[in-house]
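Enquirer: Here's a structure for you.
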């Protein structure tokens, strides 16, 4: 079946997706000093605190499903933290699906 204005090839809907939130200011990566940990973040829940000296990190930017790894130096010595940088509030995004009877549509 061919699609027309009356019968669209795709249907739009909105979905909620996890939103990336590092849990502290990205600028802290450049200063190598954790200084702005958000108390309601996964970073805080994992144990990161203001005042820790950053020794290394691994971050998959824009992918909150991948663990962040943060290495720090404290008075107690070297420590590492792992957490998923998922924000408490998701982001709403549009998503399009082909109509069930759309078999003759041309790609965009």
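Where a number appears in this text, it was derived from the coordinates with a stated rule and is not lab data. Owing to the predicted nature of the structure, the values given are computational and were not obtained by experimental measurement. A quick note on method: Cβ atoms are made from the backbone with ideal geometry, for glycine too, and the neighbour counts reach across all protein chains shown.
Enquirer: Among rounded, prolate and oblate, which fits segment 43-88 when a ≥ b ≥ c are the square roots of the eigenvalues of its C-alpha gyration tensor, a/c under 1.5 means rounded, and a/b larger than b/c means prolate?
Expert: Cα axes put segment 43-88 in the prolate bin.
Enquirer: What number, in percent, do you get for the relative contact order of segment 6-106 if the mean sequence gap of Cα pairs under 8 Å and at least 6 apart is divided by its residue count?
Expert: In percent, rounded to a whole number, it is 36.
Enquirer: Given the convex hull of the Cα atoms of segment 17-98, what is a quarter of its surface area in nm²?
Expert: 5.8
Enquirer: Here's a follow-up. Only Cα pairs under 8 Å and at least 6 apart count here; give the relative contact order of segment 6-53 as a rounded whole percent.
Expert: Over segment 6-53, the number comes to 30 percent.
Enquirer: Taking the number of other C-beta atoms within 10 Å as the exposure measure, put 24, 44, 81 in order starting with the fewest.
Expert: By the 10 Å Cβ count, ascending: 44, 81, 24.
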